[in-house]
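> My questions all concern the structure below.
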Amino acid sequence: MEPQHTLFARVHLSGLALFVTFAVTGTAVAQHRSFLKRLDTITTLSTTVPGNGDVNPYGVAQVPQTKGKLVEGRFLISNFNNGANQQGTGTTIVQIAPNGAFSLFAQIDPTKISCPGGVGLTTALVALRSGFVIVGSLPTTDGSSATAAAGCLIVLNSMGNVVETFSGHHLNGPWDMTAVDGGPLVVLFVTNVLNGTVAANGNVVNRGNVIRMLLAIPDGQSPQLVDSSVIASGFPERTDPAALVIGPTGVVFDHSTGNLYVADSLDNRIAAVPNALFRKSVSNGGLTVTEGKALNDPLGITLTPNHHLVSANGNDGNLVETNPDTGHQVALKLVDNSGGPPPGAGALFGLIAVTDGVYFVDDATNTFNLLH
């Protein structure tokens, strides 16, 4: 007899398949026309620094529905550093409107939650239709990679209060995340960057991975973890004195193809994991979509309305647009030329493409911006 939890997972995945099939009806496939080339103006919308002084904005998520403190269409941004600029110690999520209106959504007390190592909020940030917000934590005690711990996923309700945490279940340094949101059924795709990384003491290890987590959200209840499995592995990762850790970062799911796209930072490429929702085998690093050329340590990644990929370079201030159908890099846009060398290095991370342009955080200036 099939175990009850496995049967439960299969039933819920079947339901999610129906949701995805419905969601992609009428979706256009990738077009050859560039999305970025028509965008020439950068507008700074707001600071990302809350009252406690947290800096280094990483994750960006758009609120799908108004509930509690969440306002539909506004953006949530997670901070990775505290006011002393120590990496892996940021505890705040702010909410910013497209017109720049700023508010604090949540400040998480590390002493009041169960998360291995504490709290240091990463790029792994999603806002769900149910009103729950889930954020990743890769914590340190002093801002150094030597003290980095496995961390967890933190679940908050629409009022910004922590209701539960997920740890273990293949989670080990959750670095970025995306969600396929079916309402009561949600799949999370999470990248991990601490599988043997700290022990390697700066040497590259090829153990970065992507995990798929199935959540059920019964009406009126908190999310329940139904299943967790590794769907891709073999990505290079290492600790870094400036960036704390470098490994597989941005993830975005394309409903029209079923591909999960992963920014493979150290190999300087974008990879695709086919059939990500339902695959049973572990992909070894995925399939290379594009590599090198204008890519320069790709971190955050987003899908444009015409189903192109836009990735943010960690080693300069450029956004790179790729047509995933052909693998061609079709546009390059400089959005930060400060600091360096080279100009813009270390400034970019999370981003979201919408019809009007690309919203992105700038770590160098601690601001939220719109390229339009």
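The values are calculated or read from the model by the stated rules, or taken from the named source; none is laboratory data. Model, not experiment: these values are computed from the prediction. Every residue, glycine as well, gets a Cβ built from its backbone with ideal geometry; the counts of neighbours run over all protein chains shown.
> Taking region 66-80, which residues are among the polar types (S, T, N, Q) and free of Cβ contacts under 8 Å to residues at least 24 places away in the same chain?
Residues of region 66-80 that are among the polar types (S, T, N, Q), as a first pass: 66, 78-79.
Answer for region 66-80, where residues must be among the polar types (S, T, N, Q) and free of Cβ contacts under 8 Å to residues at least 24 places away in the same chain: just Thr66.
> Which of the residues that make up region 77-102 are under 23 Å from Gly183 (Cα atoms) and surrounded by fewer than 24 Cβ atoms within 10 Å (Cβ to Cβ)?
The one that is under 23 Å from Gly183 (Cα atoms) and surrounded by fewer than 24 Cβ atoms within 10 Å (Cβ to Cβ): Gln95.
> Hey, can you tell me all the residues within region 135-169 that are outside any loop (DSSP other than H, G, I, E, B) and farther than 21 Å from Asn82 by Cβ? Step through it out loud before you land on a result.
Initially, region 135-169 is screened for residues outside any loop (DSSP other than H, G, I, E, B), giving 135-137, 145-147, 152-156, 162-166.
Answer for region 135-169, where residues must be outside any loop (DSSP other than H, G, I, E, B) and farther than 21 Å from Asn82 by Cβ: Val155, Val163, Glu164, Phe166.
> Specify which of the listed residues (Ser145, Ser167) is closer than 20 Å to Val210 by Cβ and among the small types (Gly, Ala, Ser). First the steps, then the outcome.
Working: Ser145 fails: closer than 20 Å to Val210 by Cβ.
Of Ser145, Ser167, the one residue that is closer than 20 Å to Val210 by Cβ and among the small types (Gly, Ala, Ser) is Ser167.
Yes/no per residue for (1) in contact with an Asp or Glu (Cβ under 6 Å, 6 or more places away or on another chain); (2) assigned to a loop (DSSP other than H, G, I, E, B); (3) free of Cβ contacts under 8 Å to residues at least 24 places away in the same chain; (4) surrounded by fewer than 24 Cβ atoms within 10 Å (Cβ to Cβ):
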site	(1), (2), (3), (4)
Val226	no, no, no, yes
Ser229	no, no, no, yes
Ser233	no, no, no, yes
Glu237	no, no, no, no
Ala242	no, yes, no, yes
Gly250	yes, no, no, no
Phe253	no, no, no, yes
Ala263	no, no, no, no
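> Do you know which residues across region 13-52 are at pLDDT 95 or above, surrounded by fewer than 15 Cβ atoms within 10 Å (Cβ to Cβ) and in a loop (DSSP other than H, G, I, E, B)?
Of all residues in region 13-52, those at pLDDT 95 or above come to 34-52.
Those left that are additionally surrounded by fewer than 15 Cβ atoms within 10 Å (Cβ to Cβ): 37-38, 40-41, 43-44, 51-52.
Listed by number, the residues that qualify are Lys37, Arg38, Asp40, Thr41, Gly51, Asn52.
> Which count do you get for residues in region 154-195 that are of a type in the set (A, V, I, L, M, F, W, C), in contact with a Gly (Cβ under 9 Å, 6 or more places away or on another chain) and touching a residue at least 60 places away in the same chain (Cβ under 8 Å)?
Going through region 154-195, the residues of a type in the set (A, V, I, L, M, F, W, C) turn out to be 154-156, 159, 162-163, 166, 171, 175, 177, 179-180, 185-190, 193-194.
Next, from what is left, pick out any that are in contact with a Gly (Cβ under 9 Å, 6 or more places away or on another chain): 154, 159, 171, 175, 177, 185, 190, 193-194.
Retained after the next criterion (residues that are touching a residue at least 60 places away in the same chain (Cβ under 8 Å)): 159, 175, 177, 185, 190.
Result for region 154-195: 5.
> Restricting attention to region 279-319, and to residues there that are farther than 30 Å from Asp227 by Cα and among the charged types (D, E, K, R), which single residue is surrounded by the fewest Cβ atoms within 10 Å (Cβ to Cβ)?
Lys293
> With respect to the numbered conditions (1) among the hydrophobic types (A, V, I, L, M, F, W, C); (2) in contact (Cβ under 8 Å) with a residue 24 or more places away in the chain; (3) over 19 Å from Gly350 (Cα atoms), which one is the sole condition not fulfilled by Ala199?
So Ala199 meets the others, but not (2).
> While we're on this one: Inside region 31-54, can you point out the residues that are of a type in the set (Gly, Ala, Ser) and under 22 Å from the mean Cα position of the chain (by Cα)? First the steps, then the outcome.
As a first pass, look at region 31-54 and keep what is of a type in the set (Gly, Ala, Ser): 34, 46, 51, 53.
Scanning region 31-54 gives a single hit, Ser46.
> Being among the hydrophobic types (A, V, I, L, M, F, W, C) and assigned to a strand (DSSP E or B) is the filter; apply it to region 103-122 and report the residue that is surrounded by the fewest Cβ atoms within 10 Å (Cβ to Cβ). Don't jump to the end; show me each part of the working.
Taking region 103-122 as the starting set, the residues that turn out to be among the hydrophobic types (A, V, I, L, M, F, W, C) are 104-106, 108, 113, 115, 119, 121.
When the remaining residues are screened for being assigned to a strand (DSSP E or B), the result is 104-106, 121.
Values: Leu104: 15, Phe105: 25, Ala106: 23, Leu121: 31.
My answer is Leu104.
> Then there is this: Report whether or not Ala276 is in contact (Cβ under 8 Å) with a residue 24 or more places away in the chain, surrounded by 20 or more Cβ atoms within 10 Å (Cβ to Cβ) and part of a strand (DSSP E or B). Let's see the steps before the verdict.
Details: in contact (Cβ under 8 Å) with a residue 24 or more places away in the chain: yes; surrounded by 20 or more Cβ atoms within 10 Å (Cβ to Cβ): yes; part of a strand (DSSP E or B): no.
Answer is no for this residue.
> Of the conditions (1) touching a strand residue (DSSP E or B) at 6+ places or on another chain (Cβ under 8 Å); (2) among the hydrophobic types (A, V, I, L, M, F, W, C); (3) under 30 Å from Gly68 (Cβ atoms), Met159 satisfies every one except a single condition; which number is it?
Result: Met159 fails condition (1) only.
> Somewhere in region 103-120, is a residue in contact (Cβ under 8 Å) with a residue 60 or more places away in the chain and closer than 23 Å to Asn195 by Cα?
Just the residues of region 103-120 that are in contact (Cβ under 8 Å) with a residue 60 or more places away in the chain, to begin with: none.
So far as region 103-120 goes, no, none of its residues is in contact (Cβ under 8 Å) with a residue 60 or more places away in the chain and closer than 23 Å to Asn195 by Cα.
> How about region 281-364: which strands (runs of 3 or more DSSP E) wholly inside it have at least 1 residues that are within 27 Å of Leu76 (Cα to Cα) and touching a residue at least 60 places away in the same chain (Cβ under 8 Å)? Spell out the reasoning first.
Working: elements: 287-291, 298-303, 309-313, 318-322, 329-334, 348-354, 357-362.
Once the strands (runs of 3 or more DSSP E) in region 281-364 are filtered for at least 1 residues that are within 27 Å of Leu76 (Cα to Cα) and touching a residue at least 60 places away in the same chain (Cβ under 8 Å), what remains is 298-303, 309-313, 318-322, 329-334, 348-354, 357-362.
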